[in-house]
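These notes concern the structure reproduced below.
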Amino acid sequence: MKSTGIVRKVDNLGRIVLPVELRRTLDIDIHSDVEIYVEGDQVILKKYVPDCIFCGSREDVTVFEDKYVCKACREKLAKM
């Protein structure tokens, strides 16, 4: 894991501000979804990218009835 050298304090509501340079680098914008992982004593933040509910692909995923479905699976479903 690469250190950025950036240190931030947690506020009284448990929030941490991500520096703008980091948000730009990771393409995290206002209202972006971020996943939170715990690995041992580390907290890992990752920009959320949805997976297709059928095949797990992250390519060309769109929402269909509140579910994420990729283009290939949508085409397979359309043929049924």
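The values are calculated or read from the model by the stated rules, or taken from the named source; none is laboratory data. Just so it is clear, the model here is predicted, and its values are computed rather than measured. All Cβ positions, even for glycine, are placed from backbone atoms using ideal geometry, and neighbour counts span all protein chains on display. Calculation scope for accessible area: heavy atoms of the full protein, side chains included, ligands and nucleic acids excluded. Shrake-Rupley method; radii C 1.70, N 1.55, O 1.52, S 1.80 Å.
How many of the residues in region 19-44 are under 11 Å from the mean Cα position of the chain (by Cα), surrounded by 10 or more Cβ atoms within 10 Å (Cβ to Cβ) and not charged (D, E, K, R)?
So the answer is 4.
Kindly list the number of the only condition in (1) among the β-branched types (Val, Ile, Thr); (2) part of a strand (DSSP E or B); (3) open to solvent by 90 Å² or more (accessible area, probe 1.4 Å) that fails for ILE53.
(2)
Out of the residues in region 56-80 that are of a type in the set (Gly, Ala, Ser) and part of a helix (DSSP H, G or I), state the one that is nearest to LEU22 (Cα to Cα). If you could, list the steps in order and put the result at the bottom.
Taking region 56-80 and keeping what is of a type in the set (Gly, Ala, Ser), we get 56-57, 72, 78.
Next, only the ones that are part of a helix (DSSP H, G or I) stay: 72, 78.
Values: ALA72: 33, ALA78: 41 Å.
Checked region 56-80; the qualifying residue nearest to LEU22 (Cα to Cα) is ALA72.
Report whether or not GLU35 is in contact with a strand residue (DSSP E or B) (Cβ under 7 Å, 6 or more places away or on another chain), assigned to a loop (DSSP other than H, G, I, E, B), over 18 Å from THR4 (Cα atoms) and not hydrophobic (A, V, I, L, M, F, W, C). I'd like the intermediate steps shown before the answer.
Details: in contact with a strand residue (DSSP E or B) (Cβ under 7 Å, 6 or more places away or on another chain): yes; assigned to a loop (DSSP other than H, G, I, E, B): no; over 18 Å from THR4 (Cα atoms): yes; not hydrophobic (A, V, I, L, M, F, W, C): yes.
In short, no.
Could you run through region 5-18 and say how many residues are surrounded by 10 or more Cβ atoms within 10 Å (Cβ to Cβ) and polar (S, T, N, Q)?
Number satisfying all stated conditions: 0.
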